[in-house]
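Only the coordinates and a few stated rules stand behind these numbers; no lab work does. Keep in mind that this is a model prediction, so the values were computed, not measured. Cβ atoms come from the backbone with ideal geometry, glycine included; neighbour counts cover every protein chain shown.
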Amino acid sequence: MELKNRIKNKVDEKDLTSNCPFPKKNLLIEVTNHCNNKCLFCYNDCMKRKKQFINEKIVTKALTEAYELGMREVGFYVVGEPLLDKRLKDFIKEAKTIGYEYVYITTNGILANLETVKELYKNGLDSIKYSINASNAKDYQMIHKTNSFDLVMKNLKSVYQWKKRYKRKMKVYVSYISTDKTKNEKEIKELFTGNCDEYVVMPAINQGGLIPNMEEISTKKEEDLNGHFKLPCPYPFKSVIVTVEGYLTACCMDFENLLAYANFNETSLKEAWNNETIRKFRKNQLEGKVENTICHNCIYNDNNSPRPLDKNLCSLEDFDHLFCKDVRI
Ligand code: SF4
């Protein structure tokens, strides 16, 4: 499937119910929430959640239980850089051994050199997506806050050339988050054409409502940004997201576990997937009632103080000072 189709945020009408069927795709496991970049449009650097690496028992539990329920695809990343976790190749191998048909990662590419990617491929990786959000070294420094542009491009090119030369099945993708200062389409096209299987350009968005002033740098018009996610949002209905703490959350942009709905360390996926908390949240989504959740800020680009779905799963004490990021370039 093409990358463009893969990242389309859609869900079947029939699956939009509070008690919804377990999906076949979209299992995401946050192996770590550490990151070695500080991208301007990303909330990771402001995140108050403890930075850590996942307990491998939770990875095994998630992979096994999700597969038994019909899941066939898994991505090993959520809000951190997965290649910071040296066990990544083992997790990939475990997923393939269990029977997963499609195993993928997204990386900023700093550590995704040819030697490392060959090892991941050997263990079963089906696709790697490089997140490269600038088309030259100067802009890269401004956006990523590191001077790794040349290194990342070298990694991308060497991996793609190797894949083509040896006819490896693994897909090599690029995603590009654009801002008003880095939207040079011609330069982007020249940079990535011939260096990956496919690239997609997407506008910077407000990160689950946690960076309300994103509209100041986004390439989307204000009205588009406000409506970027419409109710009901597909994520709570189609994604199974396991956080680094071993919680289940409804959204891959839930940096502070404000939409966490189950402690997967203490329950099964079968029980948790349609538990009372998430059913109520989905019902509210279907009825357009998202006040007091991050979804309200995400959809309406507002800056109300959100409250967690389950306060036992969110370590925040101060909900009034979440919006620490100022994204002016
Ligand atoms: S914050 Fe809510 S509305 Fe926004 S993407 Fe996440 S689940 Fe969807």
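Details
- Efficiency of FRET between residue 317 and residue 180 - r from beta-carbon atoms, R0 30 angstrom, step 0.05: 0.25
- Taking Cα centre as origin and charging only the Cβ of basic (Lys, Arg, +1) and acidic (Asp, Glu, -1) residues, the dipole magnitude of the chain rounds to 1280 debye.
- Take every Cα pair under 8 Å whose residues are at least 6 apart in sequence, average their separation, divide by the length of the chain, and the relative contact order is 21 percent.
- Using the Cβ-Cβ distance between residue 87 and residue 13 with R0 = 51 Å, the FRET efficiency computed as 1/(1 + (r/R0)^6) comes to roughly 0.85.
- If R0 is 35 Å, the Cβ-Cβ spacing of residue 138 and residue 52 corresponds to a FRET efficiency of close to 0.55.
- Restricting the calculation to alpha carbons of the chain gives Rg and Dmax of 19.0, 54 angstrom.
- Net charge over other residues, Cβ less than 12 angstrom from the Cβ of residue 245 (K, R count +1; D, E count -1): -1
- Cleavage-rule hits (GluC sites (Glu not before Pro)) in the range 179-282: DSSP loop, at most 12 neighbouring Cβ within 10 angstrom: 266
- Extending 7 Å from Cα along the Cβ direction at residue 326 and again at residue 4 yields two label points whose distance is 3.9 nm.
- Among 101, 287, 81, residue whose mean-square fluctuation peaks in a GNM of the chain (springs only between Cα atoms under 10 Å): 287
- Partners of residue 311 within straight-line reach, counting aspartates and glutamates whose Cα lies under 12 Å from its Cα and excluding those fewer than 8 residues away in the same chain: 256.
- Computed helical MRE - 222 nm, the chain, DSSP H runs ≥ 4 contributing -39500 (n - 2.57), nearest 500: -8500 deg cm²/dmol
- With both labels modelled 7 Å from their Cα along Cα-to-Cβ, the residue 122 to residue 150 distance reads 2.9 nm.
- Dipole axis of the chain (+1 Lys, Arg; -1 Asp, Glu on Cβ), positive-most option in 299, 79, 160: 160
- Loop trypsin sites (Lys or Arg not before Pro), the range 54-121 (other Cβ atoms within 10 Å of the site Cβ: 10 or fewer; DSSP): 86
- Computed over the range 133-248, the convex hull of the alpha-carbon atoms projects to a mean area of 9.6 nm².
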